[in-house]
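Accompanying notes for the structure given below.
The values are calculated or read from the model by the stated rules, or taken from the named source; none is laboratory data. Keep in mind that what you see is a predicted model, and the values were worked out from it rather than measured. In this analysis, Cβ positions are derived from the backbone assuming ideal geometry, glycine residues included, and neighbour counts consider all displayed protein chains. These area figures cover heavy atoms from the full protein model, side chains too; ligands, DNA and RNA do not enter into them. Shrake-Rupley method; radii C 1.70, N 1.55, O 1.52, S 1.80 Å.
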Amino acid sequence: MSAPTTPGVVLISGGSRGIGRAAALRLAAEGHPVSFCYQSDQQAAELLTKELDDLGVASLAERVDVTDAAAVRAWVTRTEQELGPVTVAVASAGITRDKPLLLMSDQDWQQVTDTNLTGTANLCRAVAFPMVKRRSGSIITLSSVSGVYGNPGQSNYAASKAGIIALTRALAKEVGRYGVRVNAVAPGMIETDMTAVLTEDQRGDALKHIPLGRFGTAEEVADSVAFLAGPQSGYLTGSVLQIDGGIVL
Ligand code: NAD
């Protein structure tokens with residue numbers, strides 16, 4: 001009989017809300033200590049900390065801007081000092097600033113690519129190094145169907161999410177031989193604050209393209225994150241798991 005293993009530390013960017021928050025609770029329910037960062041909503045972070053306490057897991061909440069590579073590195077170091085080695089990292093922090101490209105400001109292009117793509121790369125670099133040294137780890141990035149198909153009005157977001165797929169696959173090839181897996185999830189339309197800004201017309205249009213006839217839930221994405229985090233996906237790396245109700249953009 002093999003000895004029972006202790007669930008390792010999970011680190012999640014953008015953990016205070018939506019998919020990141022659902023992933024934190026899903027993995028905490030399996031006994032994983034959770035370190036999460038958030039951009040500004042301290043109340044939401046305190047609420048999640050309380051819920052993680054109630055689940056009986058250790059946690060760490062940090063206000064970290066993922067575009068700041070040094071701050072991300074410091075957060076990872078603090079997590080390892082306080083909670084232990086990071087075994088799973090989930091790069092969920094992301095934003096939208098939708099506009100047709102011809103009307104898009106330089107700032108909207110820059111903010112979205114900085115947060116989504118560079119922010120994800122910052123997290124991957126900070127966690128991959130200690131994982132490679134330990135010869136084990138699982139990194140999960142958040143892409144989007146917009147990054148797979150392209151979505152009009154989202155050229156900045158689509159480009160950042162396509163970049164995340166390329167980053168995921170390239171990094172998977174670089175670190176696979178050191179026992180570190182890197183996979184992406186590419187959600188479709190999920191009920192979170194990010195899609196709460198859609199008008200009724202936009203929701204109706206989106207639903208016409210979803211064979212399952214509804215938006216997904218953050219918990220359904222979290223289930224796939226948990227699958228990619230754990231041993232059931234031990235032979236998966238460089239994959240892109242679309243969780244989209246069959247959407248055709
Ligand atoms: P959300 O808006 O509910 O949460 C986003 C989180 O990211 C928040 O916790 C916020 O604090 C954090 N964040 C934003 N900018 C940050 C920064 N600079 N530094 C640190 N944290 C920052 O969004 P969500 O729906 O939960 O989305 C999570 C991820 O899933 C995003 O990467 C998003 O692009 C992706 N995604 C979402 C959907 C959807 O339909 N909701 C679909 C496809 C992909």
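Numbers below:
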| quantity | calculated |
| --- | --- |
| P(r) histogram, all alpha-carbon pairs of the range 120-234 included - 5 Å bins from 0, percent | 2, 11, 18, 21, 18, 12, 9, 5, 3, 1, 0 |
| Exposure rank, largest accessible area first [K133, K50; 1.4 Å] | K133, K50 |
| Amide H contacts of V90 (H built 1.01 Å from N, under 5 Å, at least 5 apart or other chain) | L11, I12, S13, I140 |
| 222 nm mean residue ellipticity, helices alone, for the chain (DSSP H n ≥ 4; -39,500 (n - 2.57); rounded to 500) | -14000 deg cm²/dmol |
| Relative contact order of the chain, pairs being alpha-carbon contacts under 8 Å that are 6 or more residues apart, as % | 19 percent |
| Per residue value of the accessible surface for the chain (all protein chains in place, 1.4 Å probe), Å² | 49 Å² |
| Accessible area, probe 1.4 Å, largest first, for residues D106, D244, D223, D114 | D106, D223, D114, D244 |
| Over the chain, equivalent-ellipsoid semi-axes from the Cα gyration tensor in Å | 28, 19, 19 |
| 5 Å binning of all Cα-Cα separations within the range 82-145, expressed as whole percents from 0 upward | 4, 16, 22, 18, 14, 10, 7, 6, 3, 1 |
| Of every Cα-Cα pair in the range 1-69, the percent that sits beyond 19 Å | 28 percent |
| Packing-based ranking, highest mean first, of 212-220, 87-95, 124-132 given that Cβ atoms within 10 Å are counted | 87-95, 124-132, 212-220 |
| Integer Hz, Karplus 6.51/-1.76/1.60 couplings in order for the range 53-69, x for Gly and Pro | 4, 4, 7, x, 10, 6, 8, 9, 10, 10, 7, 9, 8, 5, 6, 9, 4 |
| Calculated SAXS-style log₁₀ I(q)/I(0) at q = 0.16, 0.19, 0.20, 0.22 Å⁻¹ - the range 1-132, Debye, Cα scatterers | -0.77, -1.01, -1.09, -1.27 |
| Residue-wise HN-Hα coupling along the range 220-229, computed from phi with Karplus coefficients 6.51, -1.76, 1.60 (Hz; x: Gly, Pro) | 5, 5, 4, 4, 5, 4, 5, 4, 5, 6 |
